[in-house]
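The values are calculated or read from the model by the stated rules, or taken from the named source; none is laboratory data. All of these numbers come straight from a predicted model, not from anything done at the bench. Cβ placement follows ideal geometry from the backbone for every residue including glycine, while neighbour counts extend to all protein chains displayed.
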Amino acid sequence: MEKKPILEVEDLSVTFHMYDKGLEQSDLKVISNLSLNVKPGEIVAIAGSSGSGKSLLAHAVMGILPENAKITGKITYKGRILDQKKKETLRGTEIALVPQSIAYLDPLMKVGKQVTGRDSKKEKEKSQKEIFKRFHLDEKIERCYPFQLSGGMARRVLVSTAVISNASLIIADEPTPGLDLEMALEALKIFRELADEGKAVVLITHDIDLAFHIADRIAVFYAGTTVEMAKAEDFQKGMEELRHPYSKALWQALPQNGFKPIPGFQPYAKYLPKGCLFSPRCPHKTKECENDIPMRKIREGYVRCIHAT
């Protein structure tokens, strides 16, 4: 029996109401019709260039977008609509975030307490010591304040908070920058262990090479929307197994595949093209690409492209 998603995002759009020139106001749509789901026991890695909407998705799920943001679409957690009140109730308990910035650590609280919580029990304190040991963090680190840590140490502390939270859904937003290869691999190994225990993990990362080896599926983002959902093994097999032209371009841009760039650049949210957002850079562009392009199933994956086969 197929497992039901813990998190399901359907046709999510995020718009910021903002001032333009002088007192002129405008709405800037930064995420458009984005869809994603993650099931218990799996890791879904999100790949894409900077500005593609990866972190905004995490903030939308957690309910920490700024007040000028408007959300449409549907986000469900364990089959129930995840509204703002529900997000505030669940975050930090059932839904945990490993934020991208180490500035999320409280500068006035010792890091040990930040990992275990103010009213920590002995079980959590034991777990904190164990995870610090795995991350090669000396026992005295728990008595330090964030400013006393290096960037890599602070990053490992952030990952530790999610690991011992016992959350059913973990969203890790760029958890490996600042870590050497050994620690990056250890962090990803821990996320794999959490998924194998039945938790759902969303891994947002630029280290897609590493993600291929621990994730179950890869979601490819471009200009604020999902262009492909594929099994991680498709990326390992080669470009011919992928469906969307942008996914193939990402594969070719990897060092081991020739570091081949493609012409053009990702469009700014204010000047998005009609229809397919990748069409200005796509060698297969036709007039039909200017229409709305829905996601469709091809070869056990999903793609937003009318030319994909």
For this session: Just name the residue that is surrounded by the fewest Cβ atoms within 10 Å (Cβ to Cβ) out of those in segment 277-291 that are over 17 Å from Ser52 (Cα atoms) and basic (Lys, Arg).
Result: Lys287
Problem set entry | Extreme residue, modelled with the lowest pLDDT, among residues of segment 255-271 that are surrounded by 15 or more Cβ atoms within 10 Å (Cβ to Cβ) and within 23 Å of the chain's Cα centre (by Cα) | Ala269
For this session: Check segment 41-56 and report whether any residue there is in contact with a Ser or Thr (Cβ under 8 Å, 6 or more places away or on another chain), crowded, with 23+ Cβ neighbours inside 10 Å and either among the β-branched types (Val, Ile, Thr) or assigned to a loop (DSSP other than H, G, I, E, B) (or both).
Result: yes
For this session: Note down all Cβ pairs under 8 Å where the first residue falls in segment 177-203 and is modelled with pLDDT of 95 or more, the second is of a type in the set (Gly, Ala, Ser) and assigned to a helix (DSSP H, G or I), and they're at least six residues apart or on different chains.
Result: Val201/Ala195; Val202/Ala58; Leu203/Ala211
For this session: Check whether at least one residue in segment 73-80 is in contact (Cβ under 8 Å) with a residue 60 or more places away in the chain, under 16 Å from the mean Cα position of the chain (by Cα) and under 23 Å from His213 (Cβ atoms), and report yes or no.
Result: no
Problem set entry | Scan of segment 57-81 for residues that are of a type in the set (A, V, I, L, M, F, W, C), surrounded by fewer than 19 Cβ atoms within 10 Å (Cβ to Cβ) and either in contact with a Cys (Cβ under 8 Å, 6 or more places away or on another chain) or closer than 22 Å to Ile293 by Cα (or both), ordered by number | Ile71
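Per-residue answers, yes or no, for (1) of a type in the set (A, V, I, L, M); (2) assigned to a loop (DSSP other than H, G, I, E, B); (3) touching a Cys at 6+ places or on another chain (Cβ under 7 Å):
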{"position": "Phe235", "(1), (2), (3)": "no, no, no"}
{"position": "Glu240", "(1), (2), (3)": "no, no, no"}
{"position": "Ser247", "(1), (2), (3)": "no, no, no"}
{"position": "Trp251", "(1), (2), (3)": "no, no, no"}
{"position": "Ile262", "(1), (2), (3)": "yes, yes, no"}
{"position": "Pro273", "(1), (2), (3)": "no, yes, no"}
{"position": "His284", "(1), (2), (3)": "no, yes, no"}
{"position": "Ile293", "(1), (2), (3)": "yes, yes, yes"}
{"position": "Ile306", "(1), (2), (3)": "yes, yes, yes"}
